[in-house]
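Every read-out reported here was derived from the displayed coordinates using simple, explicitly stated rules and does not represent laboratory data. The model shown is predicted, which means the values in this text are computed figures rather than measured ones. Note that we place each Cβ from the backbone using ideal geometry, even for glycine, and neighbour counts take in every protein chain shown.
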Amino acid sequence: MATDFSYPDAAAKAASNLPKEFDPEKMSLSMGPSHPSTHGVLRIQFELDGEIVTKADPVIGYLHRGDEKIAENMTYNQFVPYTDRLDYIAPLANNMAYAIAVERLAGLEMPPRCQAIRVLTAEMARVSSHLMGLGAYGIDVGAWSVFMYCFEEREKLYKLFEELTGARFTTSYTRIGGLTRDVPEGWTQKVDAFCDQFLPILEEILGLLTRNKIFLDRTVGIGVISKADAIAYGLSGPNLRGSGVPNDLRKDKPYSGYEQYEFDVPVGSKGDCYDRYLCRGEEMKQSIRIIRQIVKNFPGGDWYAKDARKIFAPPKEKILTSMEELINNFMIVTEGPQMPAGEVYFEAENPKGVLGFYIVSKGGGVPYRMKIRSPSFCNLSILQKLCVGNLVSDVVSILGSLDFVMGECDR
């Protein structure tokens, strides 16, 4: 019996695996999921006419971890470390958004000092996140020095995070009803000193790019997102504001005392890669402005809600001296903070955009259902339209300008 050992050539085999809408006469190119410019495990399947992208099919899910289902099998406080791993470049901001969502379910109001510390750490996380995004963007377009400058400043912030939380990266600092601990003595003065030295360095970093001919050629007029498209695709954060939409939840729906602080919302005009870069650069300056206001008028008082007896663990000295408080602590740790039945949705203005938590409770210490609205997932939805008509090399600039993180996209 004759055996046919013939195999299709590589091009024919690749064409047979293409989605039906792809033209087999054009070149198919897979970018990622292990490509340095996809900023994580993102894969984009391109159809190319020469070097021009005619179709783009983003493929996500390589990092999928099922955080929402994990949340439904643990207590509210136990899920705090998992929020660190959503946008793992800004864990302090994730902690804050999640804690406020649960506190609104419980009907808790945080004292001024707790609110101030949360805003302070969230704005520090915003600066850290934008530094990371700007440094990585610099490497994408060939500006190595920018990356080194950004990482040096980010390292200074990480030292402050470590002094406050005991961890550099995944901080798990916030708790339902308060914080893990109060700020250490002299820490706010160190934060103020960081702000003083950071602004001149930030101007120097931005000066390396803002009028750089190569950077302008790579970003101006590239990846233009119109106002209508930005709204229709659910974009948020600097990607939305870069298209001329002045939407910022810190101004529009203030939370945790943001209404007390003076700051501006940077808005772009063209909606291209360059505008998104300018917005993030200005946002860092505005975050420093907020931080300085907090440090100058740092409130005293409690850093946790005293009326949250069955939600927030009692102080250590009370646990060691009172049987009632010891039992209360045991119940909170083993059964979780006791929440009323109901549902809540809260969204915060994170560095990448709007991070939202929808929680359904049937009572008790474990959420019945949880849904996370991650900004990176929504921001990436426009890639199918945004990449078409651009060169393959322009796609690298577009991806860097969107500044996404796959940890929260593949939540």
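Determine the calculated [θ] at 222 nm for the chain from helices alone, applying -39500 (n - 2.57) to every DSSP H run no shorter than 4 residues and normalising by the residue count; nearest 500 deg cm²/dmol. Don't skip to the answer; put the middle values down first.
Values: 18 runs with 193 residues, N = 411.
Result for the chain, helices only: -14000 deg cm²/dmol.
Between beta-carbons, use under 9 Å as the cut-off and find the net charge around Phe46, counting Lys and Arg +1, Asp and Glu -1. List each step's numbers first, then the result.
Working: positive: Lys55; negative: Glu47, Asp57.
That sum, taken over residues with Cβ under 9 Å, equals -1.
Residue farthest toward the positive end of the dipole of the chain, with Cβ of Lys/Arg at +1 and Asp/Glu at -1: which of Asn73, Ala56, Gly268?
Farthest towards the positive pole: Asn73.
Just going by the charge dipole of the chain, with Lys and Arg at +1 and Asp and Glu at -1 on Cβ, which of Ser30, Ile225, Cys409 is farthest out on the positive end?
Cys409
Given H placed on each backbone N at 1.01 Å, which residues far from Arg175 in sequence or on other chains put an amide H within less than 5 Å of it?
Placed amide hydrogens put Thr180 under 5 Å from Arg175.
Under the rule of at least 5 residues apart or a separate chain, name every residue whose amide H is placed under 5 Å from the amide H of Asn350.
Leu355
Output wanted: per-residue J couplings in Hz (rounded whole) for segment 333-339, from phi through Karplus 6.51 cos²θ - 1.76 cosθ + 1.60, θ = phi - 60°, x for Gly and Pro.
So the J values, rounded to whole Hz, are 6, 7, 9, x, x, 7, 10.
Going by average Cβ density within 10 Å per residue, which order do the peptides 71-83, 48-60 take, highest to lowest?
Details: 71-83: 20.0, 48-60: 16.1.
Going from most to least packed, we get 71-83, 48-60.
Using alpha carbons only, how many degrees (0 to 90, rounded to 10) separate the axis of helix 144-165 from the longest principal axis of the chain?
20
By average Cβ neighbour count within 10 Å, what is the ranking of 102-108, 125-131 from highest down? The partial results should precede the final answer.
Numbers: 102-108: 20.3, 125-131: 26.3.
So the order, starting with the most tightly packed, is 125-131, 102-108.
Among Ala305, Ile327, Ile290, pick out the residue whose Cα is farthest towards the positive end of the charge dipole of the chain, where Lys and Arg carry +1 and Asp and Glu carry -1 on C-beta, about the Cα centre.
Ile327
Tell me, what HN-Hα J-couplings in whole Hz come from the Karplus equation 6.51 cos²θ - 1.76 cosθ + 1.60 at θ = phi - 60° for each residue of segment 366-374, using x for Gly and Pro?
10, x, 6, 9, 9, 10, 10, 9, 9
In debye, nearest 20: dipole of the chain around its Cα centre with unit charges on the Cβ of K, R (+) and D, E (-)?
Numbers: 46 positive and 53 negative charges, 137 e Å.
Charge dipole, the chain, about its Cα centre: 660 debye, nearest 20.
Under the rule of at least 5 residues apart or a separate chain, name every residue whose amide H is placed under 5 Å from the amide H of Ile225.
Under 5 Å from the amide H of Ile225: Asp272.
Near Lys55, which lysines are there with a Cα under 23 Å away, not counting those fewer than 8 places off in the same chain?
Lys13, Lys20, Lys26, Lys227, Lys385
Explain nothing, just compute: Karplus ³J(HN,Hα) = 6.51 cos²θ - 1.76 cosθ + 1.60, θ = phi - 60°, for every residue of segment 167-184 in order, whole Hz, x for Gly and Pro.
9, 8, 10, 9, 7, 6, 7, 7, 10, 5, x, x, 10, 5, 7, 6, 5, x
On a straight-distance basis, which lysines could pair with Lys213 in a cross-link, Cα separation under 25 angstrom, same-chain partners fewer than 8 positions away excluded?
Result set, ordered by chain and number: Lys270, Lys285.
So what's the angle, to the nearest 10 degrees on a 0 to 90 scale, between helix 273-296 and the longest Cα principal axis of the chain?
Between helix and principal axis, roughly 10 degrees.
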